[in-house]
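The structure appears below as structure tokens.
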Amino acid sequence: AVVSTQSTGEGAEWVCVATLEGGNTRTIRQIAWSPCGRRIATASFDSTTCIWEYTDGEWDLAATLEGHENEVKGVAWSRDGDYLASCSRDKSVWVWEVVEVDYECASVLQVHTQDVKKVVWHPTDPLLFSTSYDDTVKVYKEFGDDWECAESLIGHSSTVWSMSFNKSGDKFVSCSDDRTLRVWCRDDNKPTKYTCKSTVCGFHSRPIYDVSWGRHGYIATAAGDNAVRVFEQQGGSLLLAHYQPDAHTGDVNSVAWKGHLLASASDDETVKIWSLDT
């Protein structure tokens, strides 16, 4: 593990506690923590998904998943850890079944008309969401032994790179090539339907590639300016709470919270794990 300390310039300190290297051979587009917190999945442009496992105080490469025809753009664990979803430039979404240390493809979904950028599981319900270059968010629901698209959500004016739910799942935030964040609220009468209620703009000068809504309420973003930003809610608004310029030496492609830890991944082929010490 490589440890480094950088100042946020906001009166707090971010500490890098580990760097994972030697798994993926090209750009890492996204990272995801498993519910147990002992595994991290990384989606890469080398068309594979790497599974890292924390044992005896170290992060080790446990598995490499293959199958997508092109770059893997996103990866996500189901709330119980029994499934792992991945998506790709090949316009497909794959659902992997986790059986102890083995990973088997259980379903392949082909609904989007362009690259699929990210997959996200609902935090409490058996619903799977995906974002795409076709500017939409798709909602999938299990029907019998298969999965089907139940809803198509439209709002952004360009590529929807990512999305993330709040703790309860009644809201999610999406980010886009249009450099905005959009907050969506659930329809009380239709669990698969969400409506955009607010738009946050003016904080990012480059595309926003990823967003993560932590259980503590903080929202982190990854952008094309090599920086990591953290927002907090005050009333009905999102305010910039912390800003880490030059968090990486290339575009920051992914951010993911796990408790007080924030992991980020970049074009510089590294994963950094940050801890906010106040």
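Please report the spacing between the Cα centers of the stretch 122-199 and the stretch 22-77 in Å, no decimals. Rounded to whole Å, the Cα centres lie 23 Å apart. Modelled spin labels at residue 79 and residue 216, positioned 7 Å past Cα toward Cβ, are 2.3 nm from each other. For the stretch 120-278, the solvent-accessible area with a 1.4 angstrom probe is 41 square angstrom per residue. Charge dipole (Cα centre; +1 on Lys/Arg Cβ, -1 on Asp/Glu Cβ; no other charges) of the chain amounts to roughly 1080 debye.
Would you mind telling me the share, in percent, of accessible area of the stretch 60-195 contributed by carbon and sulfur at probe 1.4 angstrom?
Here it works out to 40 percent.
Note on the chain: dipole from Cβ charges, positive end direction compared against 252, 18, 233; the farthest Cα belongs to 233. FRET efficiency for the residue 105 to residue 243 pair, using the beta carbon distance and R₀ = 35 Å, is estimated at 0.30. Of the residues 136, 92, 122, the one whose Cα sits farthest toward the positive end of the charge dipole of the stretch 72-142, with +1 on the Cβ of Lys and Arg and -1 on the Cβ of Asp and Glu, is 136. Measuring between alpha carbons in the structure, the pairs from 171/258; 91/272; 193/272 lying more than 26 angstrom apart are 91/272; 193/272.
Remark on residue 210: its backbone amide H falls under 5 Å from those of 222, a criterion applied only to residues 5 or more positions apart or on other chains, H modelled at 1.01 Å from N. If each of residue 206 and residue 187 carries a label point 7 Å out from its Cα toward its Cβ, how far apart are those two points in nm? A separation of 3.8 nm, rounded to one decimal place.
Amide H contacts of residue 129 (H built 1.01 Å from N, in plane; Pro and chain starts excluded): 120, 121, 122, 140 sit under 5 Å, all sequence-distant by 5 or more or on other chains.
The values are calculated or read from the model by the stated rules, or taken from the named source; none is laboratory data. Note that the coordinates shown come from a computational prediction; the quantities given were computed from them, not determined experimentally. Cβ sites come from the backbone with ideal geometry, for glycine too, and all protein chains shown count toward neighbours. Surface accessibility is based on the protein's heavy atoms, side chains included, excluding ligands, DNA and RNA. Shrake-Rupley method; radii C 1.70, N 1.55, O 1.52, S 1.80 Å.
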